[in-house]
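Input: a single structure, listed below in structure tokens.
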Amino acid sequence: MIKNFDIAVVGSGAAGIAAAVAAGRAGCSTVLLDQKSGPGGTGGFSGLTTLCGLYDDEGNMLNNGFTQEFAESLRESDPLKMGHVWVLPYRPARFREAAQQMLAATNNVRAQWNARVTDVQTESNRINCLNGFKVRAVIDCTGTAEVARAVHAECLATDENTQAPAHLFPLHNVKRDLTTTAAAAQVMLPLARAGFPPLSFQPSLEADVAMIKFTGSAEQIPLLIDFLRRNVSGFEHCATPTTQFIPANRAGRMIVGEYLLTGADVLGARKFPDVVARCAWPVEQWNPEGKVQLRYLPQHEHYDIPARCLRAAAISNLFMAGKTISADVDAIASARVMGCCLATGAAAGKLAAEWLHSSDKE
Ligand SMILES: Cc1cc2nc3c(=O)[nH]c(=O)nc-3n(C[C@H](O)[C@H](O)[C@H](O)COP(=O)(O)OP(=O)(O)OC[C@H]3O[C@@H](n4cnc5c(N)ncnc54)[C@H](O)[C@@H]3O)c2cc1C
């Protein structure tokens, strides 16, 4: 028997979790699909430990509603100021657990894991079926616009020259303070002198754990760990992680919507009448050598993301959130951080529900 749903949300990272909960809370029967075995996406599975994009440069939360609720449920320590920006340290296991709990507590949402999106069918400019389900609206939260690609909707892509992938992994049993820039620099300097590609340390909520973001290759990681053990005090007894080293992908694909958010909008802190989410994160680009370039908004400012960036231009019932919103490569280099993905996800869930309610009245 074919099952009918009001809304299909594809992808269950920060954006998809928020979109499914918002759609369910708005009374829409919702199916959430992900190729992985559970919710979390990059935020839950890659080893990240800092939620960026939640705050302005004074530490004020930029988006309320689901974004704030989810951040509160992750919160085990105060937000941290890192240079000009504020981040919320979190544990990836807690991210996955909070997502599971919120989805389970939401009426109308059914999740399907280990389900790659397939068999997307359209009729008169609308998606009416995917994975054997009849659907009335779809929210693409795959990060790489897999639904849009299946229906040949116009997309833009970032690439690894400005959004280079990185390895994220923990080193246990590290007896050294890495919490300040100066303390981390004392470890990074000998590594750079030895010719290793750049790495950085993420704040960790676990004692004696150094969380590492490394832009080099998987083959270089055992050499890096060996170098740290031999040459840097506090790392003598650090344990080699048992997990496979798989790089996390920053690059994604954006679906062209009714409006394309630009880098100039971001850096000019532009405001829109149809605002649905706000962000103040800098434009953050990483080259393949591991060098980061950060371009900041004016002091104390944020930019708006309009509803039009969450509605596909070509397919009338396709919405998007997270890394797939309608944005150019500079704008998404800011808007891809998880705080912003949560906000656009929640907004896309609500927009899709409102669109369905208004088409019911017609
Ligand atoms: C190296 C690196 C460091 C980063 N550092 C930070 C940081 O410190 N803080 C921060 O806030 N952000 C950081 N980010 C950015 C952030 O993690 C991502 O941009 C954000 O998590 C994207 O969320 P999303 O929900 O749009 O997509 P994702 O989290 O990527 O979720 C997409 C989901 O879609 C599913 N999916 C994909 N294709 C299919 C398909 N065909 N069928 C079914 N399901 C599918 C995937 O399994 C996945 O679960 C970093 C990213 C990287 C790669």
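The values are calculated or read from the model by the stated rules, or taken from the named source; none is laboratory data. Since the structure is predicted, the reported quantities are computational estimates derived from the model, not experimental observations. Cβ sites come from the backbone with ideal geometry, for glycine too, and all protein chains shown count toward neighbours. Just so you know, the surface numbers come from the protein's heavy atoms only, side chains and all, with ligands and any DNA or RNA stripped out. Shrake-Rupley method; radii C 1.70, N 1.55, O 1.52, S 1.80 Å.
So here's what we get for this one:
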{"quantity": "Lone unmet requirement of (1) more than 24 Å from residue 336 (Cα to Cα); (2) part of a loop (DSSP other than H, G, I, E, B); (3) open to solvent by 70 Å² or more (accessible area, probe 1.4 Å) for residue 218", "calculated": "(3)"}
{"quantity": "Residue ID - nearest to residue 167 (Cα to Cα), chosen from residues in segment 31-40 that are within 6 Å of the ligand (Cβ to nearest atom) and part of a loop (DSSP other than H, G, I, E, B)", "calculated": "36"}
{"quantity": "Residue match in segment 76-90 (condition: more than 10 Å from the ligand (Cβ to nearest atom), crowded, with 22+ Cβ neighbours inside 10 Å and without any contact (Cβ under 8 Å) to a residue 40 or more places away in the chain)", "calculated": "yes"}
{"quantity": "Hits in segment 41-70 (condition: in a helix (DSSP H, G or I), open to solvent by less than 20 Å² (accessible area, probe 1.4 Å) and away from the ligand (no atom under 11 Å from the Cβ))", "calculated": "66, 67, 70"}
{"quantity": "Matching entry among 166, 192 (being open to solvent by 50 Å² or more (accessible area, probe 1.4 Å) and either over 30 Å from residue 116 (Cα atoms) or touching a Lys or Arg at 6+ places or on another chain (Cβ under 7 Å) (or both))", "calculated": "192"}
{"quantity": "The listed residue being in a strand (DSSP E or B), more than 30 Å from residue 170 (Cα to Cα) and open to solvent by less than 30 Å² (accessible area, probe 1.4 Å), out of 319, 272", "calculated": "319"}
{"quantity": "Residue in segment 96-106 that is part of a loop (DSSP other than H, G, I, E, B), out of contact with any strand residue (DSSP E or B) (no Cβ under 6 Å at 6 or more places or on another chain) and either modelled with pLDDT of 95 or more or buried (at least 19 other Cβ atoms within 10 Å of the Cβ) (or both) present", "calculated": "yes"}
{"quantity": "Which numbered condition residue 262 misses (of (1) touching a residue at least 60 places away in the same chain (Cβ under 8 Å); (2) out of contact with any strand residue (DSSP E or B) (no Cβ under 7 Å at 6 or more places or on another chain); (3) closer than 30 Å to residue 75 by Cα; (4) open to solvent by 20 Å² or more (accessible area, probe 1.4 Å))", "calculated": "(3)"}
